[in-house]
1. Just wondering, is there one or more residues in region 137-147 that are over 14 Å from the mean Cα position of the chain (by Cα), polar (S, T, N, Q) and surrounded by 14 or more Cβ atoms within 10 Å (Cβ to Cβ)?
2. Quick one: count up the residues across region 128-150 that are part of a loop (DSSP other than H, G, I, E, B) and under 14 Å from residue 5 (Cα atoms).
3. Please count how many residues of region 102-118 are closer than 25 Å to residue 45 by Cα and surrounded by fewer than 18 Cβ atoms within 10 Å (Cβ to Cβ).
4. I want to confirm something. Restricting to region 91-127 and keeping residues that are in a helix (DSSP H, G or I) and under 18 Å from residue 56 (Cβ atoms), which single residue is nearest to the chain's Cα centre (by Cα)?
5. Are any residues in region 128-148 in contact with a Leu (Cβ under 9 Å, 6 or more places away or on another chain) and over 19 Å from residue 49 (Cα atoms), and if so, which ones?
Amino acid sequence: MKTLRLVRHAKSSWKDSSLDDFDRPLKPKGIARAGKLAATLGPLPDTQIVTSPAKRAIDTAKILHRGFAPKNDLLRCDALYTFDPESLIDAIMQCDECFNDICIVAHNPAITAVVNLLGAPNLNNVVTCGYVELSLNAYSWEQATTKKMNYIRHLFLD
C-alpha cells in the first residue's frame, strides 16, 4: 500500500516584483498556514517529503518537515518545479519504491489537475497550502496512473 500526500506550496509573496518566480518567498500568512497544516496532520514519521526546488515550495516543505517528519531527509526534485500535470505524474511515477508514504510539495495548476486525475472528487482548485491524501494498493509508484487511487481526504485550512 502506498500513500500519496500532495501539498500545494503555501501563499507566496509578490512584494518584490524584481524576483524571478522561482525565488519568491512565503508571505507571513503562508508561513502560518503551513505551520497549522503541519500541526493538524500531526507526526507522520514514515512520510518522506519531496519538494519542488522553488523557494516557496522548499520553505513550505521545511515547515511540514519540522512538524511531522523531522527524522527523515527532506528531498528536492527538480522535476517537481512544473505547472504541467503530465510532468508531475511522471515525477510521482519515478519516486523511489522504498518509500511507501510520500508527501509531494509542488505547484498549481498541476496539483489540482493531478489530484482529480488520480481519484479526488472533482476538486476545482487546491488552494495554497491545500492538502490532498490518496492511497494506492500497489507495490510500485509506476502504477499510480494505471490503477485508480483511493481518495482519503483533503484539508483546505484558513
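The values are calculated or read from the model by the stated rules, or taken from the named source; none is laboratory data. The structure displayed is predicted, hence computed values, not measured ones. Positions of Cβ are generated from backbone atoms using ideal geometry, with glycine treated the same way; all protein chains shown enter the neighbour counts. The protein model used for the area step is the full one, side chains on, heavy atoms only, and it has no ligands, DNA or RNA in it. Shrake-Rupley method; radii C 1.70, N 1.55, O 1.52, S 1.80 Å.
1. yes
2. Number satisfying all stated conditions: 3.
3. Of the residues in region 102-118, 0 are closer than 25 Å to residue 45 by Cα and surrounded by fewer than 18 Cβ atoms within 10 Å (Cβ to Cβ).
4. Residues of region 91-127 that are in a helix (DSSP H, G or I), as a first pass: 91-93, 110-118.
In the following step, the residues that additionally are under 18 Å from residue 56 (Cβ atoms) were identified as 91, 110-112.
Values: 91: 12, 110: 11, 111: 8, 112: 11 Å.
So, considering only residues that are in a helix (DSSP H, G or I) and under 18 Å from residue 56 (Cβ atoms), the one nearest to the chain's Cα centre (by Cα) is 111.
5. 143, 145, 147, 148
Yes/no matrix, rows are residues, columns are (1) touching a helix residue (DSSP H, G or I) at 6+ places or on another chain (Cβ under 8 Å); (2) without any contact (Cβ under 8 Å) to a residue 40 or more places away in the chain; (3) among the hydrophobic types (A, V, I, L, M, F, W, C):
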| site | (1), (2), (3) |
| --- | --- |
| 77 | yes, yes, yes |
| 82 | yes, yes, no |
| 86 | no, yes, no |
| 107 | yes, no, no |
| 114 | yes, no, yes |
| 117 | yes, yes, yes |
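Residues are listed down the side, and each one gets a yes or a no for (1) free of Cβ contacts under 8 Å to residues at least 12 places away in the same chain; (2) in contact with a Ser or Thr (Cβ under 7 Å, 6 or more places away or on another chain); (3) open to solvent by 70 Å² or more (accessible area, probe 1.4 Å); (4) under 19 Å from residue 144 (Cα atoms):
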residue	(1), (2), (3), (4)
3	no, yes, no, yes
17	yes, no, yes, no
20	yes, no, yes, no
31	no, no, yes, no
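To keep it simple, each residue is scored yes or no on (1) among the hydrophobic types (A, V, I, L, M, F, W, C); (2) in a loop (DSSP other than H, G, I, E, B); (3) open to solvent by 10 Å² or more (accessible area, probe 1.4 Å).
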residue: 38; (1), (2), (3): yes, no, no
residue: 50; (1), (2), (3): yes, no, yes
residue: 65; (1), (2), (3): no, no, yes
residue: 71; (1), (2), (3): no, yes, yes
residue: 86; (1), (2), (3): no, no, yes
residue: 89; (1), (2), (3): yes, no, yes
